[in-house]
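For reference, the structure discussed in these notes is given below.
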Amino acid sequence: MTIADIVDIAEGRATIAVSAEGMERIRTARAVVDHYIEKGLPAYGITTMYGADFQTTLPPDAMRRFGRINIIQEATRVGDGTLPLVERGTMRAAWALLVNSFARGFSGASPDLVATLIERVNGNAVPDNVEYGNSMGDADLTANAQAAMSLLADPKFELKAGEATNLLTHNFITVAYAAQVVRRAEALLRAGNCTRPHHRRLSRQSGAAERSRLTTGCLALAAEYSQ
């Protein structure tokens with residue numbers, strides 16, 4: 001996916017689908033996960049617990065429950081209004097990026113999860129209450145968990161063993177933000193070069209309104225990059 005693709009999805013100009021080849025890679029990867037589950041073989045975060053409990057192998061029912069518990073416990077919220085909310089467009093782009101990563105065939109996510117995320121992205125049925133900017137220090141872990149809670153709230157959704165890890169451990173919200181910042185930066189640079197010599201030239205030759213517009217745009221660009 002290109003920056004243009006990500007921005008088009010975020011701004012509602014594009015929908016997503018997975019190619020036949022991508023779906024085959026997804027099914028093949030999930031078959032490996034299912035093999036570990038059926039044989040009771042240890043696989044971190046799939047048939048086992050996390051961290052110091054990685055040697056604890058869980059039965060299938062407990063694996064699914066373990067995944068739900070991990071999403072719920074990571075979906076902490078400050079709730080005091082100090083953290084910004086992820087816009088729906090950014091959330092659409094983030095889940096599209098997640099689907100794109102699944103299609104590479106390394107995650108072990110199920111075709112059902114992929115289909116659910118595609119439906120949510122294309123139908124704009126993504127959460128609008130995800131807080132961004134926490135200090136957990138593990139990618140977008142807390143924001144990802146908050147987003148995944150919207151899936152758990154759907155009685156038709158079934159979280160399979162190992163899929164909590166798929167939903168939690170990625171940083172695609174940040175990537176989606178970054179793509180939009182780059183696109184806005186490109187637009188500002190096309191509208192008016194923010195380099196110092198050009199700014200001086202405009203200061204001499206342009207009216208007050210044009211100088212104000214360019215200065216405001218350059219300051220906004222600098223603020224976005226600083227964040």
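When residues in region 110-124 are screened for being crowded, with 17+ Cβ neighbours inside 10 Å and either of a type outside the set (Gly, Ala, Ser) or under 15 Å from the mean Cα position of the chain (by Cα) (or both), 7 of them pass. Which one is most open to solvent (accessible area, probe 1.4 Å) among residues in region 52-70 that are out of contact with any Gly (no Cβ under 9 Å at 6 or more places or on another chain) and not in a helix (DSSP H, G or I)? Per the stated criteria, the residue is GLN55. Candidates in region 128-152 are the residues that are open to solvent by 10 Å² or more (accessible area, probe 1.4 Å) and modelled with pLDDT of 95 or more; of these, the one that is nearest to THR47 (Cα to Cα) is LEU152. For region 71-98, which positions are open to solvent by 60 Å² or more (accessible area, probe 1.4 Å) and of a type in the set (A, V, I, L, M)? The answer is ILE72, VAL78, LEU85.
Residues in region 6-21 that are crowded, with 17+ Cβ neighbours inside 10 Å and in a helix (DSSP H, G or I): ILE6, VAL7, ASP8, ILE9, ALA10.
Within region 8-25, residues that are closer than 12 Å to VAL121 by Cα and modelled with pLDDT of 95 or more reach partners that are surrounded by 17 or more Cβ atoms within 10 Å (Cβ to Cβ) and of a type in the set (Lys, Arg) with beta carbons closer than 7 Å, at six or more positions or on different chains, in the pairs ILE9/ARG92; ALA10/ARG92.
When you look at ALA185, is it surrounded by 15 or more Cβ atoms within 10 Å (Cβ to Cβ), at pLDDT 85 or above, under 21 Å from THR2 (Cβ atoms) and over 17 Å from the mean Cα position of the chain (by Cα), yes or no? Spelling it out, ALA185 is indeed surrounded by 15 or more Cβ atoms within 10 Å (Cβ to Cβ), at pLDDT 85 or above, under 21 Å from THR2 (Cβ atoms) and over 17 Å from the mean Cα position of the chain (by Cα). Among residues of region 22-51 being outside any loop (DSSP other than H, G, I, E, B) and either of a type in the set (Ser, Thr, Tyr) or touching a Lys or Arg at 6+ places or on another chain (Cβ under 7 Å) (or both), the one that is least open to solvent (accessible area, probe 1.4 Å) is THR48.
The values are calculated or read from the model by the stated rules, or taken from the named source; none is laboratory data. Note that the structure is predicted; figures quoted are calculated from it, not measured. So basically every Cβ, Gly included, is an ideal-geometry build from the backbone, and we count neighbours across all protein chains shown. We work out accessible area using only protein heavy atoms, side chains counted, and drop any ligands, DNA or RNA first. Shrake-Rupley method; radii C 1.70, N 1.55, O 1.52, S 1.80 Å.
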